[in-house]
Each structure stands twice: as structure tokens, then as C-alpha cells.
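Notes follow the structure.
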Amino acid sequence: MKYFLLILGSIAIISCGSNHITRHNDSSIVTGEIATTFANTITANDLKDHLYRIASDEFEGRETGEIGQKRAADYLKSFYIESGIASPYGGSDYFQSIPTEHLRESINPSENVVAFIEGSKNPNEIIVISAHYDHLGMNSGGIYYGADDDGSGTVAILEIAEAFKQAVSKGNGPKRSILFLHVTGEEKGLLGSKYYTNFPIFPLKNTVTNLNIDMIGRVDEAHTNNPNFVYLIGSDKLSSELHDLSEEINARFTQLDLDYIYNEDDDPNRFYYRSDHYNFAKNNIPIIFYFNGTHEDYHKTSDTPDKINYELLTKRTQLIFFTAWEIANRRQRIKVDQ
Ligand SMILES: [Zn+2]
């Protein structure tokens, strides 16, 4: 107890000035240890268990508006209810329903799945962690399991949410609020995130950052000899502070090679425009898009859970958790300066 008081004293003295993380700052060491405790609850086994369900025959490739997608939505909802993680609407309504007129004529009504952890100090400031849970469905050629695209992002969010929930239960809940947003309709044209940003559950002006995850379970050809990587796209487009924070967090906790080759303005692949973060960036909300590049199974029936690199998926998921932790707990709200 006495020793603990000592740390608190030093935190008060040292941290009243800077907002930056500095390795030799007592408060950041303690905060880092606490964050690490909860990051370690994110495990390869849990990610694997979820992914083998999400990318199973039962969910039939999760095409927007089809039965497989609905079953996946129920799976996500049950997880949040069992984990004691609330709905942003309250009660047991975890779906943001999207009528056909906001999708396309040929698409049945669908839903984004949403869950929420309220911040203890700045509850009106929201961090959105997103990934699409829909995929290409099935045809005569078989089921498009979409284990990497985007089963990997979907299960990463479940583990991140659980880690934050554990932090709350231990009295270390985030100061800012976190919305876990599983969007539908991505493969149909970013339709679920478009609907969310057109009809946001929380005012977009209160949305501090969007961390979007789309394919983080594999290694692309370019990194065959150096798989300890992740592509980051968009981190410096709207906020230099977000970019610096992301770099510092990675250097401190996960030491992945952060590859920015797809972040170039003239990137011929235009990945910056091709996943759900773009609908947030369009609304001037700082974003980071986490991605592992395409691979030989991209958009094929062979994108299956047995091909996922679960150690790498775990580490990338922990990077996103630590980044969200810092954004949620740092003194000042991330500033838009670009
Ligand atoms: Zn995708």
C-alpha cells in the first residue's frame, strides 16, 4: 500500500505537464504495465476459436442480407451479452438495422452489430473500432469463407472488447468511450459504414478516432521473409499526433514493422479508399487502417481459417488494443491538424 502511494505521488508530480508517452516517465510505466496485463488476455486460442466459427460452413460466407450474415450477427450479439458488454442503445438491442433503401435494391435488409463501453471521465468522446463482418457468400463454386477478409478483423474486435471489459471490471476502464462497430455491406461498397456515418449512434463531432481493421491474419508475398509486419494506412492523413502515438505505442509494446507503402497518396491500389475507415475520414475523423495486403487466397473460397497466422494475428490485435488504450486514456483528445 505505502509503495503504491509513492507511485501515485510521482505520477501526480511528473505527469501534470506533457501529454506524450516518454519511456522513462513513472506514470507511463505503470499505465503500460496495466495495459499489458489486459493485452495479455488477447490470445491466439481465443482468436482461433472465434475465427473457426465465423469462417465456418454455418455462416455460408456471410453475404450481406443473407441467412449466413444473420447467423454471424447473432453470434456477435451473443458474445457481447455473455461478456456483459452493453449495447449503445441499452437493453438487448445490438443491431443498427439498415433498410434496403440504404443498401441496394437487390440486397435484403441488413444490420451493423454494435457494442459499447462507456468512458469513466470523458464519456462523450468516442473511439470507434470497426471491421466488416460480411463477405462474398457462396455460389456453385463453394463458400467464400473470408477467414482473413474480414474474419480476422471481426474476431480481433471481440478480443479487444473483452480486454477492455476486463479492465473495467478491475477498475481500469477507459476514460473515453469505445464503440465496437461490426459493419455489414462492405463487400457491396462500404454500405454499412456509410449508413453508420450518415446515421451515427453518437455525433460524429464527438468521434475522436476510427481504428479500422480489414485483413490482419496473413502474410503477403512482399513479406514472406519478414512476416513481423502490418501495413498502416491513413494514420498521418488528418492528425500527426495520431501517427506519432501509433509509432510510440508500437515501439514500446509490439515492435511490429509498420509498413506505410500503401499510405502514399499515389498508391495505385487506392487501399485508402477501399475499406470502412474511408467513410470516417471523409467526415474529418482521424483514422488508422490496419491491413496485411492481399494474398493468393484473397476473395477466393480458399481464404480459410487453417491458413491464418494466429501468432501474428494476436500481436497485431494487441497493437490495436494498446493504441486504443492510449487514445482512450491520454489527457487531451487527439487533435486534427492536417
Ligand atoms: Zn475486407
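Listed by first and then second residue, the pairs with beta-carbon distance under 6 Å, at least 6 apart or on different chains, first residue in region 137-162 and within 14 Å of residue 292 (Cβ to Cβ), second at pLDDT 95 or above and open to solvent by 30 Å² or more (accessible area, probe 1.4 Å), form an empty list. Residues being open to solvent by 40 Å² or more (accessible area, probe 1.4 Å) and within 16 Å of the ligand (Cβ to nearest atom) are represented in region 137-157 by at least one member. The single condition among (1) more than 17 Å from residue 72 (Cα to Cα); (2) open to solvent by 20 Å² or more (accessible area, probe 1.4 Å) that residue 176 does not satisfy is (2).
Let me confirm something: among 263, 284, 279, which residue is more than 23 Å from residue 149 (Cβ to Cβ) and of a type in the set (S, T, N, Q)? Testing whether each residue is more than 23 Å from residue 149 (Cβ to Cβ) and of a type in the set (S, T, N, Q) leaves just 284. Residues in region 75-119 that are more than 22 Å from the chain's Cα centre (by Cα) and either touching a residue at least 40 places away in the same chain (Cβ under 8 Å) or surrounded by 14 or more Cβ atoms within 10 Å (Cβ to Cβ) (or both): 102, 103, 104, 107, 108, 109. Total residues in region 307-328 satisfying the condition of being surrounded by fewer than 20 Cβ atoms within 10 Å (Cβ to Cβ) and under 14 Å from residue 177 (Cα atoms): the figure is 0. The residues listed here are 170, 165; of these, the one that is open to solvent by 10 Å² or more (accessible area, probe 1.4 Å) and over 23 Å from residue 48 (Cα atoms) is 170.
Determine whether region 77-89 contains at least one residue that is touching a His at 6+ places or on another chain (Cβ under 9 Å) and more than 16 Å from the ligand (Cβ to nearest atom).
From region 77-89, those touching a His at 6+ places or on another chain (Cβ under 9 Å) are 79; that's our starting set.
Within this subset, residues satisfying the condition of being more than 16 Å from the ligand (Cβ to nearest atom) are 79.
Yes; the residues of region 77-89 include at least one that is touching a His at 6+ places or on another chain (Cβ under 9 Å) and more than 16 Å from the ligand (Cβ to nearest atom).
Hey, could you check region 180-189 for residues that are more than 16 Å from the chain's Cα centre (by Cα) and open to solvent by 10 Å² or more (accessible area, probe 1.4 Å) and say which is nearest to the ligand (Cβ to nearest atom)? Ranking the candidates gives 187 first. Looking at this structure, is residue 322 aromatic (Phe, Trp, Tyr), under 24 Å from residue 222 (Cβ atoms) and modelled with pLDDT of 95 or more? Against the criterion (aromatic (Phe, Trp, Tyr), under 24 Å from residue 222 (Cβ atoms) and modelled with pLDDT of 95 or more), residue 322 does not qualify.
Return the residue satisfying two criteria in turn: it lies in region 259-291 and is among the aliphatic types (A, V, I, L, M) and surrounded by 19 or more Cβ atoms within 10 Å (Cβ to Cβ), and of such residues it is nearest to residue 210 (Cα to Cα).
Of all residues in region 259-291, those among the aliphatic types (A, V, I, L, M) come to 261, 281, 285, 287-288.
Checking which are surrounded by 19 or more Cβ atoms within 10 Å (Cβ to Cβ) leaves us with 281, 285, 287-288.
Values: 281: 8, 285: 7, 287: 5, 288: 7 Å.
It comes out as 287.
Restricting attention to region 230-258, the residues that are exposed (fewer than 14 other Cβ atoms within 10 Å of the Cβ) and of a type outside the set (Gly, Ala, Ser) total 2. Residue 124 meets the conditions (1) closer than 21 Å to residue 325 by Cα; (2) surrounded by fewer than 23 Cβ atoms within 10 Å (Cβ to Cβ); (3) within 16 Å of the ligand (Cβ to nearest atom) in every case but one. The failed one is (3). Applying the criterion of at least 3 residues that are within 16 Å of the ligand (Cβ to nearest atom) to the strands (runs of 3 or more DSSP E) found wholly in region 190-308 leaves 207-213, 229-233, 287-291.
The values are calculated or read from the model by the stated rules, or taken from the named source; none is laboratory data. Quantities reported herein were computed from a predicted structural model and do not represent experimental measurements. No Cβ is skipped: glycine too gets one built from the backbone with ideal geometry, and neighbour counts run over all protein chains shown. Side chains are part of the model used for accessible areas, which takes the heavy atoms of the whole protein and leaves out ligands, DNA and RNA. Shrake-Rupley method; radii C 1.70, N 1.55, O 1.52, S 1.80 Å.
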